[in-house]
Amino acid sequence: MKKRIDRRQFLRSTAAVGASLYLSPSALGQSGGSKSDNINVALLGAGAQGQVLMNAILKMGKNSGIRFKAVCDIWTAYNQRRVSRILKAYRHEHNTYVDYREMLDKEKDLDAVIIATPDFWHAEHTVACLKAGLHVYCEKEMSNTLEGARKMVEAAREAGKLLQIGHQRRSNPRYIYCYEKLIKEARLLNRITTVNGQWNRSKAACEDLGWGGEKYAIDGESLAKYGFKSMKQFRNWRWYKGLGGGPIVDLGSHQIDIYNWFLGAQPRSVIASGGTDYWEGHEWYDNVMAIYEYETEQGVVRAFYQTLTTNSSQGYFETFMGDEGTLVISEASSRGSVYRESWVKEDKWDKWVKKGYLKKEQGKDPSAGSSAAVDVRDTVPAAKYGLPVTMDKPFHQPHIENFFDAIRGRTKLNCPAEIGYETAVTVLKVNEAVEAARKLDFKPEEFA
Amino acid sequence: MENKENKEVTRRKFMRDSAMVAAGLGSIIAGCKGKEEEKEPNTVESDAPKTPEKEEDPQVAKKADDINVALIGLGVQCGRLMEAILGSKAAQKKGIEGIRFKAVCDIFPYRLKLISGRLKRVVKHDANPYENYEEMLAKEKDLDAVIIATPDWLHARMTIASLKAGLHVYCEKEMSNNLEEARKMVQTARETGKLLQIGHQRRSNPRYQVAEKLIQEHRLLGKLLNINAQWNRSVEKHKTPLPNKKIWMDEAALKRQGYGSMNELVNWRWYKKFGGGPLGDLGSHQIDIFNWFLGNVKPGSVLASGSNDYYKYEHNENVMAIYEYKTEEGSVRAFYQVLNTTGWGTYGTYYETFMGEVGSLLISENVWGEGKNIGWVFLEEYAAQDATVTKRWNDCIRNKLIAGEYVMPKETKDQSVLKIGASVPDRKAFRYHPLLQECTELVHQPHLQNFFDAIRVKARLNCPGEVGYETAVAVLKANEAIKEGKKINFKSEEFEV
């Protein structure tokens, strides 16, 4: 395709003239789906998450300029067949592969690869794709080992190709808004001292996955070749040591990544508790609780994280608590509120309401309620404010769009490999801390 | 009580007084807030009962079950306990019948004069003032019980002396900031055969008592695996304002009592030699509930983190701890957080959440909004298909322990779930069953009532010294875990006296 050259030319020209002048759609050839703007992609790993990403791309519409040219998955009887059928229905002419090396050898027209294989394959797949001259969007966790993750960062640098890690909240307009406008600009929370994040899943959502019986099973030899002992392990790789990292990595890394982002820092230590308390035959911890300590410019921050696979009542969210306010945010749009501490003057926040940064919640201000029996030291309820930003796309779409826009030279990646690496360092340490049963310190150089 | 004569206030008159507390109590309590000290002298008189007292009926003698009480420690907490005993018009709450304050004791002469004066003027309790508790115990021969609400470091010596003087004791939590001394309190109660109630008042709160039954007896949550509780206190509430300088104790007098300054006396909770810090003050109420709701199981280990860089006091202002329990059913993991820098958490100011495989329970002692306590139980969607589970839930609905299902209106329309590409389905509308049992009394009243009922041999203590001790062990150990930076394991014998 032409656009690799185009991109280089673009970068040269913007460097000379100044990017902002060139960011109009026509200058970038966005109108009419100009040929040079098309991006040819392969999907490597067509399981549940691969399908989520594929769907988000299809949702971008037929004028998005994204063309699926290849799909690679070792489970031909189900994943590969299913995804191939959907892509055909959407008129994406593509080839199918079991072996990614064969795909990279044969597909000479690719620009980018979307990788959604099990974590333990990420490093090998990503490094090979980068070396083949392709940009890579790789799902988190970027690797189940830091060694693997580091190789990915280095490969991206050496190849000069883009590597986006799939912490998709980094591109979510609601999250960007909360960080840029509310935390950084308006400083509504003032000094943040505490973070609470949770992802709670019901038992029903965490039952082992099946594979539809023997007729869909992959043969033992192939499974072994790709690192799985059985179909059960193939389908439930997230629970096995050496393959995945358990719920703390699958779910936690999305949210703990936000801690680092919003705090503008990496943690200095972690303590954690977890156990294989409930589920039979799982190697990784069912339920995990971790407490991080951060040292930010403003002082110490303590951040709690909890992931459960036995109870869903509290759903998933991240809460940032400052001395002047509290932000509760979730990827789920049903949660997103800012609470003003009762001692902070209403005027101070009214200013931001007037500017349109916040919406005053409809209904009764809880602090106006009767509090006849409230104890002297009790804190009266905080006034609640809503966010003026909505997210009207599938959760992963803006992050993928950011990746494609970066390939087109229009923007920078929101979650380049270096950030994904910092998050991996932060998150993988939890499992270590559970084992160690003591506080583990991070050295600043560990994140570099 | 029995064998006590010369009660100058008859029971009937007492009840009349209690009904009138109304007017006066507000000002007694106001006196406990510190900042409002200066205004008080003016409000007292106008708040006093205006209706002339009727003649006492000399035919009605003091009832045998009236209880004569002394109060040691006339600070902030004393206000709550007195209000719970005497009632409050402002809160439209009745008091406890048959309790007479006979003596009050505080090292701070201003408070002593203020509180004893008010008790006398407003509710006609002729409580003798003492600066020294030993003197009080020596001179007051007519007492049945002592209520102790002094700083933690004094609990043990005062409790032990009171028990040895033959009195029952209601002692505020934390029972001591020193486990060795807490142990001696339990031993002394045993030796003297007197009652020792520790002030973990949720143990007597009818709402908590029902919640405990929902978990242990009705098994609404199924196998319980996780607990998450917090107490978030805002910057403005983190300390008690100092009173007007004019009324301060002088340095020499403070020094004689062990305090280096007026601030050390008023804000003793922030000093290591006087108290256990926010974890002891606030955490111990909630961590106590963990043990209780798990069926009196004690934790097996604790990990914790804390810091004091915001205020730079001796104690950590913010603490997080993770307790691990082993129950008959397996492992339970419990998170606890106490903050002094933010008052509003994900679900409010302070609450405890219990999470099991089929359901969850959230409860709080807090009252806000329209006077409703927050509290609900939640049934996992998949479990609603299980007939044995729904039978248990329906029984509780029928017996009015919980309400029927309530669907919380969604705040925003979910726009993330689309035909193609819904990756993680958004949270469904939150469905829950409100708890129906209210605590209509002031929160400390049922616990004091339980203490007085136990003295009257009508009830057993809900939080005897032994239980208070177990909680103190669980809580104080977290401070150790912070220092050590590692998981501290409890030995089961550590909880025994």
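The values are calculated or read from the model by the stated rules, or taken from the named source; none is laboratory data. Note that the coordinates shown come from a computational prediction; the quantities given were computed from them, not determined experimentally. When we count neighbours, we look across all protein chains shown, and the Cβ atoms used for this are built from the backbone with ideal geometry, even at glycine.
So in region B:422-456, with the set limited to residues that are closer than 12 Å to B:Gln201 by Cβ and not in a helix (DSSP H, G or I), which one is modelled with the highest pLDDT?
At the first step, the residues of region B:422-456 found to be closer than 12 Å to B:Gln201 by Cβ are B:439, B:441-451.
With not in a helix (DSSP H, G or I) added as a condition, the list becomes B:439, B:441-444.
Numbers: B:Cys439: 88, B:Glu441: 89, B:Leu442: 89, B:Val443: 91, B:His444: 95.
My answer is B:His444.
Does B:Thr346 satisfy the condition of being facing chain A (nearest Cβ under 10 Å), more than 26 Å from B:Ala182 (Cα to Cα) and free of Cβ contacts under 8 Å to residues at least 40 places away in the same chain?
Numbers: facing chain A (nearest Cβ under 10 Å): yes; more than 26 Å from B:Ala182 (Cα to Cα): yes; free of Cβ contacts under 8 Å to residues at least 40 places away in the same chain: yes.
Criteria met by B:Thr346.
Going by the conditions given, is B:Ala165 at pLDDT 95 or above and buried (at least 24 other Cβ atoms within 10 Å of the Cβ)? I'd like the intermediate steps shown before the answer.
Values: at pLDDT 95 or above: yes; buried (at least 24 other Cβ atoms within 10 Å of the Cβ): no.
Judged against the criteria, B:Ala165 is not a match.
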Out of (1) modelled with pLDDT of 95 or more; (2) more than 20 Å from the chain's Cα centre (by Cα), the one B:Glu329 does not meet is (1)
What single numbered condition from (1) within 14 Å of chain B (Cβ to nearest Cβ); (2) assigned to a loop (DSSP other than H, G, I, E, B); (3) of a type in the set (Lys, Arg) fails to hold for A:Arg268?
(2)
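Give me a count of the residues in region B:324-348 that are closer than 22 Å to A:Tyr316 by Cα and hydroxyl-bearing (Ser, Thr, Tyr).
Filtering region B:324-348 down to residues closer than 22 Å to A:Tyr316 by Cα leaves B:332-339, B:342-348.
Among the residues that remain, those that are also hydroxyl-bearing (Ser, Thr, Tyr) are: B:336, B:342, B:346-347.
Of the residues in that region, 4 qualify.
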Considering region A:276-294 alone, what residues qualify as being at the interface with another protein chain (Cβ under 7 Å from one of its Cβ atoms) and within 23 Å of the chain's Cα centre (by Cα)?
A:Asn287, A:Met289, A:Ile291, A:Glu293
Being farther than 14 Å from A:Arg169 by Cβ, facing chain B (nearest Cβ under 8 Å) and either in a loop (DSSP other than H, G, I, E, B) or under 20 Å from the mean Cα position of the chain (by Cα) (or both) is the filter here, so list the residues in region A:303-322 that pass it.
A:Phe304, A:Gln306, A:Leu308, A:Thr310, A:Asn311, A:Ser312, A:Ser313, A:Gln314, A:Gly315, A:Thr319
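Among the candidates B:Ala481, B:Ala472, B:Ala459, single out the residue that is over 19 Å from B:Met175 (Cα atoms) and part of a helix (DSSP H, G or I).
Details: B:Ala472 fails: over 19 Å from B:Met175 (Cα atoms); B:Ala459 fails: part of a helix (DSSP H, G or I).
After ruling out the rest, the residue left standing is B:Ala481.
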Return the only residue of B:Tyr351, B:Tyr336, B:Tyr271, B:Tyr311 being crowded, with 24+ Cβ neighbours inside 10 Å, touching a residue at least 24 places away in the same chain (Cβ under 8 Å) and more than 9 Å from chain A (Cβ to nearest Cβ).
B:Tyr336
Filter region A:184-207 down to the residues that are surrounded by fewer than 17 Cβ atoms within 10 Å (Cβ to Cβ), in a loop (DSSP other than H, G, I, E, B) and either among the hydrophobic types (A, V, I, L, M, F, W, C) or at pLDDT below 95 (or both) and list them by number.
A:Glu207
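Against the definition (within 13 Å of another protein chain (Cβ to nearest Cβ), of a type outside the set (A, V, I, L, M) and more than 21 Å from the chain's Cα centre (by Cα)), how does A:Glu297 come out, yes or no?
Details: within 13 Å of another protein chain (Cβ to nearest Cβ): yes; of a type outside the set (A, V, I, L, M): yes; more than 21 Å from the chain's Cα centre (by Cα): yes.
Criteria met by A:Glu297.
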Among residues of region B:316-326 being over 20 Å from the mean Cα position of the chain (by Cα) and more than 7 Å from chain A (Cβ to nearest Cβ), the residue farthest from B:Ser301 (Cα to Cα) is B:Asn316
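Would you please name the residue that is nearest to B:Met249 (Cα to Cα), looking only at residues in region B:80-131 that are assigned to a strand (DSSP E or B) and within 14 Å of another protein chain (Cβ to nearest Cβ)?
So in region B:80-131, the residues assigned to a strand (DSSP E or B) come out as B:88, B:93, B:99-105, B:128-130.
Now restrict to residues that are within 14 Å of another protein chain (Cβ to nearest Cβ): B:88, B:93.
Working: B:Ser88: 30, B:Lys93: 34 Å.
Among those that are assigned to a strand (DSSP E or B) and within 14 Å of another protein chain (Cβ to nearest Cβ), it is B:Ser88.
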Being outside any loop (DSSP other than H, G, I, E, B) and at pLDDT below 95, is that true of even one residue in region B:485-492?
yes
Residues within region A:323-360 that are at the interface with chain B (Cβ under 8 Å from one of its Cβ atoms), in a loop (DSSP other than H, G, I, E, B) and among the hydrophobic types (A, V, I, L, M, F, W, C), tallied:
2
So, first residue not assigned by TED's automatic domain parsing to the domain that holds A:Asp405 in region A:63-87, second residue modelled with pLDDT under 95, Cβ within less than 6 Å, six or more apart or across chains; the pairs are none
Answer yes or no: is there a residue in region A:211-225 that is within 14 Å of chain B (Cβ to nearest Cβ), in a helix (DSSP H, G or I) and touching a residue at least 60 places away in the same chain (Cβ under 8 Å).
no
Does A:Glu297 count as surrounded by fewer than 18 Cβ atoms within 10 Å (Cβ to Cβ) and either of a type in the set (S, T, N, Q) or within 15 Å of A:Asn431 (Cβ to Cβ) (or both)?
no
By my count, strands (runs of 3 or more DSSP E) wholly in region B:348-400 with at least 3 residues that are of a type outside the set (A, V, I, L, M, F, W, C) and modelled with pLDDT of 95 or more are B:350-356
